[in-house]
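Enquirer: Here's a structure for you.
Each reported figure results from applying straightforward, stated rules to the coordinates on display, with no laboratory input. Here the structure is a predicted model, which means the values were calculated and not measured. Cβ placement follows ideal geometry from the backbone for every residue including glycine, while neighbour counts extend to all protein chains displayed.
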Ligand code: BG6
C-alpha cells in the first residue's frame, strides 16, 4: 500500500445541537477517530453549542459517554480520549434569542478555519445564519455544514437556500448526504472513471437495466413523528437513492472537482422523466407477533405514509434512453443490504445453441455490508458432456483485497467532516441539485396526496409488497434477492 501524506489543518468546529442525537452518535465519535488519526492540528477545538446548561467539563463528560457508547467498538488508548476531550468547549446558546452569542464570538479565533455544524431542525437554519452574521462570525472563511432533511418540498428547500444565501456564499455551504461519504459510493466513481473496462459498455446499448436497493431491517425506531411526516420517498429516495442514481448514470466529469461533478449529477436529475403512477409501488410494514406494525409504531392508526417505495425510472438522454432504472428502499425488510446491480444485456447471438441457455453479466456494487464488487461472468462448466455454461462471480470484497486498510474504512461522517475542514465540496450537495431533486419528487407526492393513495401492507422480513416484485416481472425482469 502506498503511504500518503494527508494535510493536517487546525480548526474550530462549532456544533449547534451539540448535545443532540446526531452529535452523540455520529459527529463526536467521528471527530475522536480523526483526532486519533492525527488529523486535528494542534490548537483545534470542538465547541458544543446548545440550550443545555453545561460547562466545558460537563460537555467533556457528555462526549466521553458518547464515545464509549457509539465508538466503532475498537479499543482506544484512554490517554488519547483525555487528550481529545481537552480540545472540547461548550457554550449555552439560545438559537432564537440573544443569549450566548457574544460568548461564542469571543471564543473563536480570528483567522482559523471555522466550521459551524447545523445539527438542528431546519426551521433554525436561517436563524443561526442571521445570528452568526450579526455577531460577526460570518466571515468569508467560515463554513456551514447542514444536515438533512433539507426541506420537505421544493418551496421549503428554496426558502432554506434563500435564508442561507443572505449571509453565506454557496462555496461556504456543505449540505450533507451521508451516503456520499460512504467509501463504496466514492468507489463507484473510481470504478467507472478509473478503468477502461467499464465505461465503453456503460450505456443503453449494452446495459439491460440497473437496480438500486437500499434495504433495512429496522423499523422507524424512536423517530415516528419525523418519519410519519416524511416517508421513504422524502427520507431516502429524494436524497440517498437519487445520489446513487446520479453517480451511476452521470457523464464523466472533466475532472474530479466539486462543480464539475455536481454539474453532471444535476444533468441526470433534470433528464429524469416524470414517473407514471403505475411505475411506483408504496408499502407499509405490518405487525408481527412480537413487533408493532407501522401504524401502531408511529401512533397514527390511519397513516398513509410509506415505509417502502419501489419505482421504475427512465432517463431521457443519449446514454440511457431505453434502459430502465429500478429503485427500491424500505424498512423492516429481510436483510440490511444496499447494492447497485448493473445488469448487462445478453450476447446478441449464442454460438452454443439453445441448451447452453442465455446468460448475462451482472456487475454488483455492494455498499453494505461486506463492501465490495462482484462481476458475474459466464464460463464453461467443467467436465465432459458438451458446452454447458455457468455464471460465476469474480468477487472482490474490499476487506480481502485491500487488507487492514479496508477493515478500517472510516465512517461516512469522518470523511465528510474532514472534507469540510479541507474546503472540498465534491461530496456535498449544491443548492440547485437539492432543488432539482425536490422538483422531481414533488409531483409524485402531490399525486399520492390528491388520490389519498394507500400503501400496501407487507410482512416484516419480506422483500416488500408483492406489487414491487410485479413491477419487474411484468417487464420480464426480476429483482436481485435481498440477503445479507
Ligand atoms: C437516514 C435516514 O438518512 O439514513 C434513516 O433518515 C435511515 O431513516 C438511514 O435509516 C440509513 O443510513 P445507513 O447509513 O444506515 O444506510
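Enquirer: Quickly estimate the mean residue ellipticity at 222 nm for the chain, helices only: each DSSP H run with n ≥ 4 gives -39500 (n - 2.57), and the total goes over all residues, rounded to 500.
Expert: -9500 deg cm²/dmol
Enquirer: Hey, what's the Kirkwood Rh for the range 1-75 if you take every pair of different alpha carbons, in angstrom?
Expert: 13.3 Å
Enquirer: Right, here's the next one. If you average over every viewing direction, what projected area does the convex hull of the Cα atoms of the range 233-300 give, in nm²?
Expert: It is 7.2 nm².
Enquirer: Can you pull the Rg over Rh of the range 246-344, Cα-only, Kirkwood?
Expert: 1.09
Enquirer: So what's the projected area for the range 384-484, the Cα convex hull averaged over all directions, in nm²?
Expert: So the Cα hull casts an average projection of 13.7 nm².
Enquirer: While we're here: What FRET efficiency would be calculated for the residue pair residue 61, residue 158, taking the C-beta separation as r and a Förster radius of 35 Å, to the nearest 0.05?
Expert: 0.30
Enquirer: Run the quick spin-label model on residue 267 and residue 346: label points 7 Å from Cα toward the beta carbon, then report their separation in nm to one decimal.
Expert: Distance between label points: 3.4 nm.
Enquirer: Give me the percent of DSSP beta bridges within the chain that run antiparallel, rounded to the nearest 5.
Expert: The answer is about 55 percent antiparallel.
Enquirer: Additional query: Which distance in Å, rounded to a whole number, links the C-alpha centroids of the range 187-254 and the range 408-457?
Expert: 11 Å
Enquirer: How long are the semi-axes of the equivalent ellipsoid of the chain, taking √(5λ) for every eigenvalue λ of the Cα gyration tensor, in whole Å from largest down?
Expert: Square roots of five times the eigenvalues give 41, 27, 22 Å.
Enquirer: Suppose a student asked you for the relative contact order of the chain, using Cα pairs under 8 Å spaced at least 6 residues apart; what percent would you report?
Expert: About 17 percent, as a whole number.
Enquirer: Let me ask you something else. Do you know the relative contact order of the range 1-137, to the nearest whole percent, from alpha carbon pairs under 8 angstrom that are 6+ apart?
Expert: 34 percent.
Enquirer: Testing the spin-label approximation: label points 7 Å from Cα along Cα→Cβ at residue 289 and residue 139. State their distance in nm.
Expert: 6.4 nm
Enquirer: Kirkwood-based Rg over Rh for the range 324-465 (C-alpha set), two decimals?
Expert: With Rh from the inverse mean 1/r over Cα pairs, Rg/Rh is 1.07.
Enquirer: Return the Rg/Rh ratio of the range 123-164 with Cα-based radii and a Kirkwood Rh.
Expert: So for the range 123-164, dividing Rg by the Kirkwood Rh gives 1.00.
Enquirer: Now a separate question. With a Förster radius of 60 Å, plug the Cβ-Cβ distance of residue 381 and residue 110 into 1/(1 + (r/R0)^6) and report the FRET value to the nearest 0.05.
Expert: Efficiency at R0 = 60 Å is approximately 0.25.
Enquirer: If you average the sequence gap of Cα pairs under 8 Å that are 6 or more apart and divide by the length of the range 10-50, what percent do you get for the contact order?
Expert: Relative contact order comes out at 72 percent.
Enquirer: Taking only the alpha-carbon positions of the range 113-272 and ignoring solvent, what does the Debye formula give for the base-10 log of I(q)/I(0) at q = 0.16, 0.18, 0.19, 0.21 Å⁻¹?
Expert: For the range 113-272 at q = 0.16, 0.18, 0.19, 0.21 Å⁻¹, log10 I(q)/I(0) is -1.08, -1.25, -1.32, -1.44.
Enquirer: Right, here's the next one. Principal axis extents for the range 349-404, Cα atoms only, whole Å, descending order, please.
Expert: 45, 22, 14
Enquirer: For the range 87-164, what number results from the quotient of the Cα radius of gyration and 2.2 N^0.38 Å?
Expert: 1.13
Enquirer: State the extension gain, in nm to one decimal, for the chain segment bounded by residue 8 and residue 317, taking 0.36 nm per residue of separation less the distance between their alpha-carbons.
Expert: Working it through step by step, the gained length comes to 107.0 nm.
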